[in-house]
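These notes are about the structure you will find just below.
The values are calculated or read from the model by the stated rules, or taken from the named source; none is laboratory data. Keep in mind it's a predicted model, so treat the numbers as computed, not measured. Cβ coordinates were reconstructed from backbone atoms using ideal geometry, including for glycine residues, and neighbour counts include every protein chain displayed. In case anyone asks, the SASA skips ligands and DNA or RNA and just uses the protein heavy atoms, side chains included. Shrake-Rupley method; radii C 1.70, N 1.55, O 1.52, S 1.80 Å.
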Amino acid sequence: MSMNPQQPPSGPGRNRSAWNRPGGPGHQFQEHPANPSWMGHVQPQNYRPAPGHSGGAVYQVIPEAASTVAARPGAGTLGLVVGGGILAFVSLFLVVPFLLSSTGVTGFVIGFVASLIPLAAVLFAVAVIDRWEPEPTRLLLFAFTWGAAVSIAVTLLIQPVFALAAPATDEASFRDFMTTVQAPVVEEFAKSLGLLLLLLFARRNFDGPVDGVVFAFTIAGGFAFTENILYFGRAIAESSTPGSDLVQIFFLRGVMSPFAHAIFTGTTGLIMGLAARRWHPGVSVLAFFAGLVPAMILHNRWNSMGQDFLAQYVLVQVPIFLLAVACIVVLRVAETRLTRQRLQEYAAAGWFAPAEVELLSTPGGRRQAVRWAGSYNRGDQMKEFVKAATRLAFTRQRILSGRDVPAHQQDEVQQLRHLTELRAAVQQ
């Protein structure tokens, strides 16, 4: 299959793999160094060549009789999703009555609807960050429900302990302690527990900093969604001028800071994702506690802004937001480089042609390939081929990391079989 839209074969019935035949450019491809970037660093002792063949066209690498077996979620992932669903359901019996008692029915409904707007912004950001190698929907759903229900319930259960330690000299001191100490510590701990569970029980899908940021943003989006229901609902229930108060607090939380919680928890996810590159349960737990420190500090600084709020927002919070955006851009670039490197190694083994790798490892190349395939009604098949190639590249990275190698090699075999079937579907 050739995916070069600038020189496409004419018509779906032609041989689109002719340029991959023996002696063609695909068989002159050489392997590149094993470490294209910090994100794809591989210990020399863990490196191994990609599975190859003795020659022949790309589409003949796997026997036609080989069956395609889709990878199934592991027992840990399945247990995590089921257990998380049960915890979320049980948490609702604590969270929903708390919200209703604080906001009233009218405030709850209005707060719920208004909270959907900043939530949509966060989830859109998650979709953009996660576009290159999407995480399983079931794990994203776990992350969201953990943030929206379980972490709120954990916060409500731990808050009274901190209230006992709060200064009781006057109400202002008590509120200041609960806002600047209790909230950062308890809320970040509650949210990040979900990240720790994902890293421990779904490590096949949590193996890098981008995954950590995606899961952290999703958890934080869920937490902020429920918290916004509380704040927006209270503006309706407790104010003599509910309309103006709702607009004011919506502007503060929904316009000026929809990503505040995402950035706080995102630092924890980033650190845990970096630790996931070298899998070890002890390292994961250490990364959890290490990641809590910057999250709590950022949360504390946000909650500590007082009369000079606007100046601190412009001089401190906006630069932090821009820095977070820059970090995400760097991570996305590292992902594309990692994809190119690992697919180059498969190309050296005969699974791809060099031009295919270049198209599969750039956003523009992917769009060109899909448009070209769409010209002969194979656009959907090409999209699946692109996704399968990306999953394969990251599976190889997991193999080269030296952790759970036999399990990931099993995934690799299944994915290579599936890739061959997809290649044939595009060629039809």
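Need one word for the chain: rounded, prolate or oblate. Basis is the Cα gyration tensor (sqrt eigenvalues a ≥ b ≥ c); a/c below 1.5 gives rounded, then a/b vs b/c decides. It is prolate, given that a/c is not under 1.5 and a/b is the larger ratio. Measuring with a 1.4 angstrom probe and ignoring ligands and nucleic acids, GLU358 comes out at about 90 Å² accessible. Against the main long axis of the alpha-carbon atoms of the chain, helix 363-374 sits at an angle near 60°. What is the sum of charges around PHE162, taking Lys and Arg as +1, Asp and Glu as -1, for the other residues whose C-beta is under 14 Å from the C-beta of PHE162? Here the charged neighbours net out to -2. Rounded if a/c is under 1.5, else prolate if a/b is larger than b/c, else oblate: which is the stretch 265-355, with a ≥ b ≥ c the root eigenvalues of its Cα gyration tensor? Judged from the Cα gyration tensor, the stretch 265-355 comes out oblate (a/c at least 1.5, b/c at or above a/b). For the chain, the longest principal axis of the alpha carbon atoms and the long axis of helix 151-165 meet at an angle near 40°.
Remark: relative contact order (the chain) = 27 percent; criterion is Cα-Cα distance under 8 angstrom and separation of 6 or more residues.
Would you mind counting up the charge near PHE177? Only other residues with Cβ under 15 Å from its Cβ, with Lys and Arg at +1 and Asp and Glu at -1. Don't jump to the answer; show the numbers that get you there.
Numbers: positive: ARG175; negative: ASP170, GLU171, ASP176, GLU187.
Neighbourhood net charge equals -3.
Could you report the stretch 275-386's accessible area per residue, 1.4 Å probe, as an integer in Å²? Could the numbers behind the result be given before it?
Numbers: 5160 Å² over 112 residues.
About 46 Å² of surface per residue is accessible.
Taking every alpha-carbon pair under 8 Å whose residues sit at least 6 apart, the stretch 357-428 reaches a relative contact order of 29 percent.
Axis of helix 379-400 versus longest Cα principal axis of the chain: the two differ by about 80°, to the nearest ten degrees. Cα centroid separation, the stretch 347-372 to the stretch 104-125: 41 Å.
A simple charge model with +1 on the Cβ of Lys and Arg, -1 on the Cβ of Asp and Glu and nothing else charged puts the dipole of the chain at about 1480 debye relative to its Cα centre. Spin-label model, GLN428 to THR169: label points 7 Å out along the Cα-to-beta-carbon direction sit 7.7 nm apart.
Rolling a 1.4 Å probe over the protein chains gives THR106 an accessible area of about 90 Å².
Which one, SER102, SER401, SER361, has the greatest fluctuation when you compute a Gaussian network model over the chain with C-alpha springs under 10 angstrom? In the Gaussian network model the winner is SER102.
Counting pairs of alpha carbon atoms under 8 Å apart in space and at least six apart in sequence, what relative contact order in percent does the stretch 198-331 give? Could the numbers behind the result be given before it?
Numbers: 123 pairs, mean separation 41.7, N = 134.
Worked out over the stretch 198-331, it gives 31 percent.
I'd like the FRET efficiency for SER304 and LYS387, computed as 1/(1 + (r/R0)^6) with the beta carbon distance as r and R0 of 41 Å, rounded to 0.05. E(calc), rounded to 0.05, equals 0.40.
Neighbours of VAL214, meaning other residues whose beta-carbon lies under 9 angstrom from its beta-carbon, give a summed charge of -3 when Lys and Arg score +1 and Asp and Glu score -1.
Take the Cβ-Cβ distance between VAL105 and TYR47 as r, set R0 to 60 Å, and report the resulting FRET efficiency rounded to the nearest 0.05.
Between VAL105 and TYR47 the formula returns 0.45.
Starting from the residue with the highest accessible area, list HIS408, HIS418 in decreasing order, probe 1.4 Å.
Details: HIS408 0, HIS418 60 Å².
From most exposed to least exposed: HIS418, HIS408.
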